[in-house]
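Data first, discussion second: the structure below is written as structure tokens.
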Amino acid sequence: MHLSEERLLIRESVRKFTEREITPLAEKMDREELFPDGMFLKLGELGVLGVTVPEEFGGIGSDPLTHVLITEELAKGSGAVALSYVAHSNLCVHNLFRHGNAGQRSKYVPPLCTGEHIGALALTEPGVGSDAAGIQMSAVRQGGSYKLNGTKMFITNAPIADTLVVYARTDKFRRHHGITAFIVQSAFEGFSVSRRLEKMGCRGSPTGEVVFEDCIVPAENILGEENDGVAVMMAGLDIERVVVAGISLGLAEAALDASLRYSKQRVQFGRPISQFQLIQAKLADMYTGIEAGRLLVYDTAVRTVEGRRLRKDSAAAVLFAAEMATKVCNDALQIHGGYGYMLEFPVNRYLRDAKLMEIGAGTSEIRRLLIARELLKE
């Protein structure tokens, strides 16, 4: 796919940033579950935290394809940074700007675009995952505010977030039409992160369990309309899926690059293993999968515009990219053999990071159901 000069320049600047600021820290982040201090401020200086936000609010006024390109380059250095980046720039900033009123945009978006504030989205609960409309956290109106009570689980950036988009039930008798989206500040009374969760992959990206105990949220912080939270939730899903797919692309590309280097250096039976046909077959399949995924994701990103739903296409893009990345990273580990199984080589990190993309932001199973339902409607 032909990329504009502007997109090429943005991609190149993010690539250089990743090589300089992220890749050298990736192993330390993984081993120590460390997210580097000041990383969001640096991303803000780079100008990538408000990709789809107009310049007047601190963004760059671009589109989903540019968002994918940025995410892809960050993921080549660290899946953890890319994950936290997407949770901030897409799940929080994009949704907040798209659905926020003038006052909410002016108050919350600029510091999120500079990285002074860190964003997150809180939807999943301990007993509610794929069935998002089944959330139980309550929000009860009390005068000019709402009192929120409940727990959110697996929330990316929760331990470091300043601003969160939070979904709560405002009508317990109406399933899909009884949910409201709120803008919540971590400084609000009654908000707390009860624990930081330890993960198999993307370990540098902080994930937490969030508890709301009589958390008071002003009524003016409703995002959209009361009891219309599902509409807010669904409106951003197409863009979310293609942006998340960018993480899979970046991880797969990093795994292929590592495998090409290693196969040329590793000598067995008197010659580099890159000369063995079974290794060559793996490399060829890895490349083919990545290119197919890239075309599918890029094409869907181009067609995913405001007001146009591409549910089937975006679900297919993230489904294919996620499963492709897991396979590519697994093949990369196999090519590295015993060394790939050692923590000092990054390919095992790529594989652990990639697996999350088949689970988070909608499981592969749910994505297949969604695609099938759309096909049957047609």
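Listed by number, the DSSP H helices of the chain that run 30 Å or longer by alpha-carbon position along their axis and have mean Kyte hydropathy of at least -0.5 are 237-265, 277-303, 311-340. What's the carbon and sulfur percent of the chain's accessible surface, probe 1.4 angstrom, rounded to a whole number? C and S fraction of accessible area: 53 percent.
Expressed in Å, the radius of gyration and Dmax of the Cα atoms of the chain are 20.8, 79. Summing charges over all other residues whose Cβ lies under 12 Å from the Cβ of A372, with Lys and Arg as +1 and Asp and Glu as -1, gives +3. Only aspartates and glutamates eight or more places from K327 in sequence, or on another chain, were considered; those with a Cα closer than 18 Å are E72, E253, D257, D285, E291, D353, E358, E365.
Listed by chain and number, the lysines placed with their C-alpha closer than 21 angstrom to that of K16 are K28, K42, K76; residues fewer than eight positions away on the same chain are left out.
Across the stretch 1-158, the volume of the C-alpha convex hull divided among the residues equals 143 Å³ per residue.
If you count only protein heavy atoms with a 1.4 Å probe, what accessible area per residue comes out for the chain, rounded to a whole Å²? Spell out each step's value before the answer.
On the way: 16410 Å² over 378 residues.
Spelled out: the 1.4 Å probe surface of the chain, per residue, equals 43 Å².
In the chain, the sites counted are chymotrypsin sites (Phe, Trp or Tyr not before Pro) in DSSP loop states with at most 12 other Cβ atoms within 10 Å, and the longest stretch holding none of them, exclusive of the sites, is 1-172. With a simple spin-label model that places each label point 7 Å from the Cα along the Cα-to-Cβ direction, the separation between I216 and A372 comes to 5.0 nm.
Taking the Cα centroid of the stretch 111-190 and of the stretch 57-104, what is the distance between the two, rounded to the nearest whole Å? Cα centres, the stretch 111-190 to the stretch 57-104: 19 Å.
Straight-line cross-link partners of K152 among the aspartates and glutamates, defined as a Cα under 13 Å from its Cα and at least 8 positions apart when in the same chain: E125, E209, E213.
The values are calculated or read from the model by the stated rules, or taken from the named source; none is laboratory data. None of the values given here were measured: they were computed from a predicted structure. No Cβ is skipped: glycine too gets one built from the backbone with ideal geometry, and neighbour counts run over all protein chains shown. Note: accessible area is taken over every heavy atom of the protein model, side chains too, but ligands, DNA and RNA are not part of it. Shrake-Rupley method; radii C 1.70, N 1.55, O 1.52, S 1.80 Å.
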